[in-house]
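S.K.: Take a look at this one; I'll ask things after.
The values are calculated or read from the model by the stated rules, or taken from the named source; none is laboratory data. If you're wondering where the values come from, they're calculated on a predicted model, not measured in any experiment. All Cβ positions, even for glycine, are placed from backbone atoms using ideal geometry, and neighbour counts span all protein chains on display. Areas reflect the complete protein model, heavy atoms only, side chains present, ligands, DNA and RNA absent. Shrake-Rupley method; radii C 1.70, N 1.55, O 1.52, S 1.80 Å.
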Amino acid sequence: MSDLNNIKQDAQTRMTKCIDALRHELQRLRTGRASTALVETIKVNYYGNDVPLSQVATVAVTDARSLTITPWEKSLVGVIEKAILASDLGITPTTAGTVIRINLPPLTEERRKELARHVAHEGESAKVAVRGVRRDAMQHVKDLFKSKKITEDEERRGDDEVQKLTDRFVKEIDAVVKAKEDELMAL
């Protein structure tokens, strides 16, 4: 019985990681609102190494549509500007002394729809990952049954529990995707 619990626990942990990865990925998407997550992962060349922007500068939200980036070293201003321009965010930084400002223009309807499609695609990828975890867990249950460590009833119950777990996580993925799509479509 503890083998079944271990399988279920492992599946739940891995499915939770799938949802965490989805949330992290969606956080980086540009919605109408300013968010530090938008630029924190942009790679900046720092003495020959590519490091995330958050490790060489302070990123702050000044209002709903703008960010400020304050590099820790004055020599990084130009490097950070180039990295932002080279990113696929489609935003142009403006510099005043050592402070880089980013104003986020409102999203066009076409861009919102494009982002909504991307969100739906990320959601599908997360569901595929969760189903992969389900497949692995059910295979482990089947292996336990074949090696006569559990009965047929326990195998069936194990499969049912893994399926219920999968259904719960798929619903949660749908909720995360829906929330992000609503955020994108809100004007």
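S.K.: Tabulate in residue order the Karplus-calculated ³J(HN,Hα) for region 97-110, using 6.51 cos²θ - 1.76 cosθ + 1.60 with θ = phi - 60°, rounded to whole Hz; enter x for Gly and Pro.
M.R.: These are the phi-based 3J(HN,Hα) values: x, 9, 9, 9, 10, 10, 9, 8, x, x, 6, 6, 4, 4 Hz.
S.K.: Rounded to a whole number, what % of the accessible area of region 1-101 do carbon and sulfur atoms account for, probe 1.4 Å?
M.R.: 49
S.K.: For region 69-178, what is one quarter of the convex hull surface built on the Cα atoms, given in nm²?
M.R.: About 11.2 nm², averaged over all directions.
S.K.: Of the labelled options (i) 1, 8, 14, 14, 12, 11, 10, 8, 7, 6, 5, 3, 1, 0, 0; (ii) 1, 8, 17, 21, 22, 16, 9, 4, 1, 0; (iii) 1, 7, 14, 16, 16, 13, 10, 9, 6, 4, 2, 0, 0, which one gives P(r) over Cα pairs in 5 Å bins from 0, in percent as computed for this structure?
M.R.: Looking at P(r) over Cα pairs in 5 Å bins from 0, in percent for this model, the match is (i).
S.K.: For region 1-84, state which trypsin sites (Lys or Arg not before Pro) are in a DSSP loop and have at most 10 other beta carbons lying within 10 Å of their beta carbon.
M.R.: LYS74
S.K.: Then there's this: What value, in deg cm²/dmol to 500, does the helix sum -39500 (n - 2.57) over DSSP H runs of n ≥ 4 give at 222 nm once divided by the residues of the chain?
M.R.: The per-residue figure over the chain is -21000 deg cm²/dmol.
S.K.: Which listed residue (LEU144, THR166, LEU184) has the Cα farthest towards the positive end of the charge dipole for region 137-187, taking +1 on Lys and Arg C-beta and -1 on Asp and Glu C-beta about the Cα centre?
M.R.: Farthest towards the positive end: LEU144.
S.K.: For region 1-119, please report how many Lys pairs fall under 21 Å Cα to Cα, leaving out neighbours fewer than 8 apart on the same chain.
M.R.: Close lysine pairs under the 21 Å cut-off: 4.
S.K.: Taking the dipole about the Cα centre of the chain, with the C-beta of Lys and Arg at +1 and of Asp and Glu at -1, give me whichever of GLY90, ALA37, VAL61 is farthest to the positive side.
M.R.: Looking along the dipole axis, the top candidate is GLY90.
S.K.: Within 10 Å of each candidate Cβ there may be at most 12 other Cβ atoms; applying that plus a DSSP loop requirement, which chymotrypsin sites (Phe, Trp or Tyr not before Pro) in region 1-95 survive?
M.R.: Qualifying residues, ordered by number: TYR47, TRP72.
S.K.: Related question: Quick check for me: using +1 on Lys/Arg Cβ and -1 on Asp/Glu Cβ, what's the dipole size of region 53-187 about its Cα centre, in debye to the nearest 20?
M.R.: Numbers: 23 positive and 24 negative charges, 37 e Å.
Magnitude of the dipole: close to 180 debye.
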